[in-house]
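Where a number appears in this text, it was derived from the coordinates with a stated rule and is not lab data. This is a predicted model, so every value here is computed, not measured. FYI the Cβ positions are ideal-geometry reconstructions off the backbone, even for glycines, and counts take in every protein chain you see.
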Amino acid sequence: MNDIWAGLASAFWLIVTLDPDLVEITLRSLRVSLSALLIAALIALPFGTWLAVRRFRFRRATIAVLNALMGLPPVVVGLIVYLLLSRSGPFGVLGLLFTPTAMIIAQVIIITPLIASITHQAMRELWAEYHDLLISLNTSNWQRIRTLIFDGRRALLTAALAGFGRAIGEVGAIMIVGGNIDHATRVLTTAIALETGKGDFALALGLGFVLIALALLVNFAIHVLSRTEREGRW
Amino acid sequence: MIRALVLIFGLVTHAAQADTLRLAVTTSFHNSGLSDVLLPAIKADIDLDVQLLVVGTGQALRLGEAGDVDAILVHSKSAEEAFVAAGYGTHRREIMYNDFVILGPDTDPAKIEDQSTAEGSLRAIAAVQAIFISRGDNSGTHKKERALWQNAGLDPATHGDWYKEVGAGMGASLNTASGLNGYILSDRASWLNFGNPGQLAILFAGDPELFNQYAYIPVDAARHPHINADAAARLEAWLTSPAAQTLIDGYMIAGQTLFTFNASPTSP
């Protein structure tokens, strides 16, 4: 119990004094995870909707694979991305290993299946409602996907936030491909792992509370910006 | 949207421009806190940003083999010599040493405080089958521990449940030892910097067998042309300079000197 109070106190002081290291790694966490979210959403939202709209031969298999990929262990993703980006790997010439870009790539791979799968679930229901209307209007596939994405934006927001939650809290993959380099690739989760390793539980826990607060803040901000969960508009 | 993407990629790739050097170091070196003293001095003296990758010796050597780092600073002599002999590194330069200690519960059920050698201590622990935590991650510390068991005439593979390989870094292993109240081999620096000691205490130290030599190996630029060999050479010159000697010999935790500088002033 003492450690938890010490953690709360250390989180409080870190935030109140605007510790420069804390600000730096927090901004880096946000930058990496929001970039990953943006890229993953651009891929996963249309793809998930397309899966709901189109009928093709390997649809079931594709959905099964997608759902299985949701459980992809981040450490495995990290190791594969590491081997690909290593100087001795196929993309070694790009020199991306141990940079924030490598961390974004790993996180995109981790969260894209998650967002696509939730999108597909939500869009399937919506498609059942819209099916007759959109077919009778003789819409193209692309028009159908756009309509569904626009009208289902609340559900897609949930999908995106789930993806963001997984990205910002992820440590296994970015530890391997980012290397947890101070002032270069250290983010909140890898800093927590490092401080735990040093036995400094108070600081680790303090960073953990900052991480939770950050996730809350981003969720609220997205709700405010997209004007959901408001009176008359839920 | 495309503009936003370009902007984001511009931001994320920007950081890699300054003159930087990637150095793979062991967890035990980093946990000692010495790097926090040396890195700012390196930045001030030779204007070089050293990016530390803190990994076990096993992974550090792999990073060097793949050319993902410019140099390595590790402590496992036989593995280092094999690394250089295989042509991955140009040469091996000894920098400094610290020492290992055997920690255990302060009640000392195996009575290793009465022992005069490291091997004797391990035999005593095995005799009473007290809990022993092993790094189990092929790191320098783990290799040292296995060498000590071998010298003691015991094979860890035949140990019973009391011998626990956790497969983790020094800090995480110390956390486990503290939680289980078991014996563990640790470098002195990591132990003094460790914040969660529980009932553990230093029970055995001082056997010359437990000295721990750190060496610096630049990765061979002939094999990996993108290696920043110039920065690696500058860093080596600084690490073996009197400025580094003052900082390394003067670094203390709780009034104890941790590292002894022993680099020869001329390149081998």
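I want the local charge near A:Tyr130. Using Cβ-Cβ distances under 9 Å, sum +1 for each Lys or Arg and -1 for each Asp or Glu among the other residues. Show your work: numbers first, answer last.
On the way: positive: A:Arg144; negative: A:Glu129, A:Asp132, A:Asp151.
The answer is -2.
Dividing the Cα convex hull volume of the stretch A:154-234 by residue count, how many Å³ per residue is that?
In the stretch A:154-234, the Cα convex hull volume per residue is 101 Å³.
How are the Cα pair distances of the protein assembly as shown distributed, in percent, across 20 Å bins from 0?
20, 48, 25, 7, 0
Could you tell me which of A:Gly172, A:Val65, A:Leu161 has its Cα farthest along the dipole of the stretch A:2-225 towards the positive end, charges placed at Cβ (Lys, Arg +1; Asp, Glu -1), taken about the Cα centre?
A:Val65
Can you pull the Rg over Rh of the stretch A:1-48, Cα-only, Kirkwood? Numbers along the way, then the final one.
Working: Rg = 16.7 Å, Rh = 13.1 Å.
We get a ratio of 1.27 for the stretch A:1-48.
What is the antiparallel percent of DSSP beta bridges lying wholly in the stretch B:99-210, to the nearest 5?
Details: 8 of 13 bridges.
Just about 60 percent of them are antiparallel.
What net charge do the residues around A:Ala52 carry, taking every other residue with its C-beta under 9 Å from that of A:Ala52, with Lys and Arg at +1 and Asp and Glu at -1?
Values: positive: A:Arg54, A:Arg124; negative: A:Glu125.
Charge balance near A:Ala52 sits at +1.
Let me know the mean shielding of B:31-42 by other chains, meaning the per-residue number of their Cβ atoms within 10 Å of its Cβ.
Numbers: counts 4, 0, 1, 0, 1, 1, 0, 0, 2, 0, 0, 0.
What the average comes to for B:31-42 is 1.
How about the stretch A:1-93: which trypsin sites (Lys or Arg not before Pro) there are in a DSSP loop, with at most 13 other Cβ atoms within 10 Å of their Cβ? Show your work: numbers first, answer last.
Values: sites: A:Arg28, A:Arg31, A:Arg54, A:Arg55, A:Arg57, A:Arg59, A:Arg60, A:Arg87; in loops: A:Arg54, A:Arg55, A:Arg57, A:Arg87.
For trypsin sites (Lys or Arg not before Pro) across the stretch A:1-93 that sit outside H, G, I, E and B with at most 13 neighbouring Cβ atoms in 10 Å, the list reads A:Arg54, A:Arg55, A:Arg57.
Using only Cα atoms, figure out Rg for the stretch B:99-210 and give it as a multiple of 2.2 N^0.38 Å. Intermediate results must be reported in sequence, preceding the final value.
On the way: Rg = 12.2 Å, N = 112, 2.2 N^0.38 = 13.2 Å.
Computed over Cα atoms of the stretch B:99-210, the ratio equals 0.93.
Work out how much length A:His223 to A:Ile135 would gain on full extension: take 0.36 nm times their residue separation and subtract the Cα-Cα distance, in nm to one decimal. Walk me through the intermediate numbers first.
Details: separation 88, 0.36 × 88 = 31.68 nm, distance 3.25 nm.
Residue separation times 0.36 nm, minus the Cα-Cα distance, leaves 28.4 nm.
Taking 4 °C and 1.567 mPa s as the conditions, I'd like the Stokes-Einstein D for chain B in µm²/s, using the Kirkwood hydrodynamic radius from alpha carbon pairs. Mind showing how you got there, number by number?
Working: Rh = 19.7 Å.
Result for D is 66 µm²/s.
Rounded to whole Hz and in sequence order, give me ³J(HN,Hα) for the stretch A:111-126 from the Karplus expression 6.51 cos²θ - 1.76 cosθ + 1.60, θ = phi - 60°, writing x for Gly and Pro.
For the stretch A:111-126, the Karplus-derived couplings read 9, 4, x, 5, 5, 4, 5, 5, 4, 4, 4, 5, 6, 4, 5, 5 Hz, x marking Gly and Pro.
Provide the packing ranking of B:213-225, B:38-50, A:147-159, A:114-126, i.e. peptides ordered by the mean count of other C-beta atoms within 10 Å per residue, highest first.
Numbers: B:213-225: 19.7, B:38-50: 15.7, A:147-159: 18.1, A:114-126: 21.7.
Highest mean packing first, the order is A:114-126, B:213-225, A:147-159, B:38-50.
Placing +1 at every Lys and Arg Cβ and -1 at every Asp and Glu Cβ, with all other atoms neutral, what dipole size does the stretch B:88-154 have around its Cα centre, in debye to the nearest 20? Each step should come with its number before you reach the end.
Values: 8 positive and 9 negative charges, 84 e Å.
That gives the stretch B:88-154 a dipole magnitude of about 400 debye.
Relative contact order for the stretch B:99-210: what percent, with Cα pairs under 8 Å and sequence separation of 6 or more? List each step's numbers first, then the result.
On the way: 187 pairs, mean separation 51.6, N = 112.
For the stretch B:99-210, the relative contact order is 46 percent.
Can you compute the charge dipole magnitude of chain A about its Cα centre, using +1 on each Lys and Arg Cβ and -1 on each Asp and Glu Cβ, nothing else charged? Give it in debye, rounded to the nearest 20. Please list the in-between numbers first.
Numbers: 19 positive and 14 negative charges, 235 e Å.
The calculation lands at about 1120 debye.
Quickly estimate the mean residue ellipticity at 222 nm for the protein assembly as shown, helices only: each DSSP H run with n ≥ 4 gives -39500 (n - 2.57), and the total goes over all residues, rounded to 500. Let's see the in-between values first.
Working: 21 runs with 288 residues, N = 502.
Helix-only estimate at 222 nm: -18500 deg cm²/dmol.
Cα-based count: Lys pairs in the protein assembly as shown below 19 Å, eight or more positions apart or different chains? It would help to have the intermediate numbers written out before the result.
On the way: B:Lys77/B:Lys143; B:Lys77/B:Lys144; B:Lys143/B:Lys164; B:Lys144/B:Lys164.
Taking the protein assembly as shown as the scope, the lysine pair count is 4.
Which listed residue (B:Phe29, B:Pro265, B:Ile253) has the Cα farthest towards the positive end of the charge dipole for the protein assembly as shown, taking +1 on Lys and Arg C-beta and -1 on Asp and Glu C-beta about the Cα centre?
Towards the positive end, the residue furthest out is B:Phe29.
If you count, for every residue in A:194-206, the Cβ atoms of partner chains within 10 Å of its Cβ, what is the mean? Spell out each step's value before the answer.
Working: counts 6, 2, 4, 14, 15, 14, 5, 3, 1, 1, 1, 0, 0.
Mean shielding count: 5.
Project the alpha carbons of the stretch A:128-169 onto their principal axes and report the range along each, largest first, in whole Å.
44, 17, 12
What whole-number distance in Å separates the alpha-carbon centres of the stretch B:216-237 and the stretch A:40-111?
34 Å
Take every Cα-Cα pair in the stretch A:2-225 and report what % of them are more than 21 Å apart. Kindly include the intermediate steps, with their values, before the conclusion.
Numbers: 15093 of 24976 pairs.
Roughly 60 percent, rounded to a whole number.
Counting only other residues whose beta carbon sits under 14 Å from that of A:Leu30, what net charge do I get with K and R as +1, D and E as -1? Numbers along the way, then the final one.
Working: positive: A:Arg28, A:Arg31, A:Arg186; negative: A:Glu24, A:Glu170.
Its environment carries a net charge of +1.
Ignore the peptide's own chain and count Cβ atoms of other chains within 10 Å of each Cβ in A:173-184; give me the average, rounded.
Details: counts 0, 0, 1, 2, 0, 1, 10, 4, 10, 8, 5, 8.
That works out to 4 on average.
Ranked highest first by average number of other Cβ atoms within 10 Å, how do B:230-242, B:182-194, A:187-199 line up? Mind dumping the intermediate values first?
On the way: B:230-242: 17.7, B:182-194: 24.6, A:187-199: 22.5.
Going by the mean number of other Cβ atoms within 10 Å, highest first, we get B:182-194, A:187-199, B:230-242.
When only C-alpha pairs under 8 Å and at least 6 residues apart count, what is the relative contact order of the stretch A:76-153, in percent?
Working: 34 pairs, mean separation 16.2, N = 78.
Relative contact order of the stretch A:76-153: 21 percent.
List the relative contact order of chain A as a percent without decimals, with contacts defined as Cα pairs under 8 Å and 6+ residues apart. Before the final figure, lay out each step's value.
On the way: 280 pairs, mean separation 75.0, N = 234.
So the answer I get is 32 percent.
Given +1 on the Cβ of Lys and Arg, -1 on the Cβ of Asp and Glu, and no further charges, what dipole in debye does chain B carry about its Cα centre, rounded to the nearest 20? It would help to have the intermediate numbers written out before the result.
On the way: 17 positive and 29 negative charges, 93 e Å.
Value, rounded to 20: 440 debye.
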